Amino acid sequence: MTTIDLQRLAADLGPKFADGGAQRDENAEFVAGHYDVLKQNKLFSAMIPAAYGGGGVGHSKIARFIREIAKSSPSTGLALSMHQHLVAAAIFNDKNGKPGRKLLDRVAADETILVSTGANDWLESNGDVKRADGGFRVSARKPFASGSPAGNLLVTSAPYEDPEKGWQVLHFPVPLSADGVSLADDWDTIGMRATCSQTVILDDEFVPDEAIPLKRPRNGYHPAFNVILTVALPLIMSAYLGVAEAAAAVATRQASRRTGDEVAPYLAGELTNLLTTAQLAVADMVAIANDLDFDPTLETANAVAVRKTIAANAIIATAEKALETAGGAGFFRGFGLEQLVRDAHAAQFHPMQEKRQHRFSGRIALGLDPVQDAPAQSLQSAA
């Protein structure tokens, strides 16, 4: 039975998380205090099955919580989604007889905070890997590591040229406290500044063989991404939907004061349509993930990827229309829209970016492998 009341928590924490948001954005200051509160309330283990020591909360409820928190603190919502999508993938894999239980046990034991680098690595990954006795030595720079200042475990990958199998990508966790791991302190961005998604540097870090749950060919789409895309994108885009909803609310309040402005209703109507498009796309993504009960096929992953593009475009358009709807007042930084508009624009950079998604989905529509000239039939289910 679920013991975490996420609806109550979101209502209670949202206003508190909003305090100091402008200052954190100005200084690119990580939401460390928010992470402390989330940890105290066992939010990092909330999705893990109760039988494993977690909260037993469904994927869809976590998506809703992220969405609500992001209305008050976009960076907190987004950073939390990065941890939660790794947990979700581990739950799905464990349910389907694949490695995942060890990671879940670790998070459930002490609210271990996971940090992902998958967005930047995607299919080919990056870094330099050398074989060593009992494992590998890895050197790499991994940008866009959201929540890295508070993270405990980096979940990442790196390419290795196997003398027999050719180029492989190794997937593995690394403690962020390890001697060969450091942060570059390089997060200076347009938006989502309080995520402090710094580049993580691996300097000749040892990764033992037993710590590598997945080795896959480097060039080409692997069925593991059917799981990753399906569980991750609904959570990530839920954070951005919260941003769009917050922007629309601010703009609508302002427009409602302009009772004599005959243009205001038209703008409010456009804003409503754009926001509804975003809400429908994200709701459909969450429904496809089906609380982690889905068939991990290429069609499933593609359906989520298509909706991610629709959602991202609608979220950005909503934020920009909110600025127009608010009128000149919205142009002032202190009004409450400026940061939301900037934060919304980060939605476009999560995999897959729009043109890559178009190519991916278009190749599937034509019966081709999504990324290279080979039949797609072998990519239907997770290996």
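Can you pull the percent of Cα pairs in the stretch 2-145 with separation above 27 Å? Of all Cα-Cα pairs in the stretch 2-145, 29 percent lie more than 27 Å apart. The angle between the Cα long axis of helix 264-289 and the main principal axis of the chain comes to about 20°, on a 0 to 90 degree scale. Based on Cα contacts under 8 Å between residues 6+ apart, the chain shows a relative contact order of 17 percent.
When both bridge partners sit in the chain, DSSP labels roughly 90% of those beta bridges antiparallel.
Note on the chain: helix-only mean residue ellipticity at 222 nm, from DSSP H runs of 4+ residues weighted -39500 (n - 2.57) and normalised by residue number, equals -16000 deg cm²/dmol. Between residue 214 and 171, the built amide H atoms are under 5 Å apart, and every one of these is 5 or more places off in sequence or on another chain.
For the stretch 86-141, would you read off the P(r) tail past 19 Å as a percentage of all alpha carbon pairs? Every Cα pair in the stretch 86-141 considered, those over 19 Å come to 51 percent. Only one residue of 33, 344, 150 has its Cα farthest out toward the positive end of the dipole of the chain, where Lys and Arg carry +1 and Asp and Glu -1 on Cβ, and that residue is 344.
Solvent-accessible surface of the stretch 1-153, averaged per residue with a 1.4 angstrom probe and all protein chains in place: 42 square angstrom. Gyration tensor analysis over the Cα atoms of the stretch 269-383 returns equivalent ellipsoid semi-axes of 34, 15, 11 Å (largest first, whole Å). Put simply, the amide H of residue 48, placed in the peptide plane, has neighbours under 5 Å in 55, 56, 57, leaving out anything fewer than 5 places away on its chain.
Loop-located GluC sites (Glu not before Pro) in the stretch 163-210 (DSSP state other than H, G, I, E, B) with a sparse environment of at most 15 neighbouring Cβ atoms within 10 Å: 164. Per-peptide packing, taken as the mean over residues of other Cβ atoms within 10 Å, places 350-360, 62-72, 247-257 in the sequence 62-72, 247-257, 350-360 from highest down.
Under the convention that each Lys and Arg Cβ holds +1 and each Asp and Glu Cβ holds -1, the size of the dipole of the chain around its Cα centre is about 600 debye.
Pairs of Cα atoms nearer than 8 Å and 6+ residues apart set the relative contact order; for the stretch 59-131 it is 21 percent. Taking the Cα centre of the stretch 208-264 as origin and assigning +1 to Lys and Arg Cβ atoms and -1 to Asp and Glu Cβ atoms, the resulting dipole is close to 80 debye.
The charge dipole of the stretch 1-142, taken about its Cα centre with unit charges on the Cβ of Lys, Arg, Asp and Glu (plus for the first two, minus for the last two), comes to roughly 460 debye. The residue list 331, 183, 109 was ranked by how far each Cα lies along the charge dipole of the chain toward its positive end, using unit charges on Cβ atoms, and 331 comes out on top.
Spherically averaged projected area of the convex hull of Cα atoms, the stretch 43-103: 3.8 nm².
Rounded if a/c is under 1.5, else prolate if a/b is larger than b/c, else oblate: which is the stretch 117-196, with a ≥ b ≥ c the root eigenvalues of its Cα gyration tensor? In terms of gyration-tensor shape, prolate.
Compared with the rule-of-thumb size 2.2 N^0.38 Å for a compact globular protein, the stretch 73-209 has a Cα radius of gyration ratio of 1.05. The alpha-carbon atoms of the chain, seen along their principal axes, cover 74, 48, 43 angstrom, with the largest extent given first. In whole angstrom, the stretch 142-300 maps to an equivalent ellipsoid with semi-axes of 41, 22, 12, each derived as √(5λ) from the alpha carbon gyration tensor and ordered largest first. Between the listed residues 55, 86, 96, the Cα displaced farthest toward the positive end of the dipole of the stretch 1-98, a dipole computed from Cβ unit charges relative to the Cα centre, is found at 96. Take the Cα coordinates of the stretch 168-253, assign each an equal point scatterer, and use the Debye formula without solvent to give log10 I(q)/I(0) at q = 0.13, 0.15, 0.17, 0.26 Å⁻¹. Values returned for q = 0.13, 0.15, 0.17, 0.26 Å⁻¹ are -0.73, -0.90, -1.05, -1.18. Surface composition of the chain: carbon plus sulfur atoms hold 52% of the accessible area, using a 1.4 angstrom probe and ignoring ligands, DNA and RNA. How many angstrom lie between the C-alpha centres of the stretch 22-88 and the stretch 247-314? Taking the Cα centre of each part, the stretch 22-88 and the stretch 247-314 sit 21 Å apart.
The values are calculated or read from the model by the stated rules, or taken from the named source; none is laboratory data. As the structure is a prediction and not an experimental result, all values here were calculated from the model. Cβ coordinates were reconstructed from backbone atoms using ideal geometry, including for glycine residues, and neighbour counts include every protein chain displayed. Note: accessible area is taken over every heavy atom of the protein model, side chains too, but ligands, DNA and RNA are not part of it. Shrake-Rupley method; radii C 1.70, N 1.55, O 1.52, S 1.80 Å.
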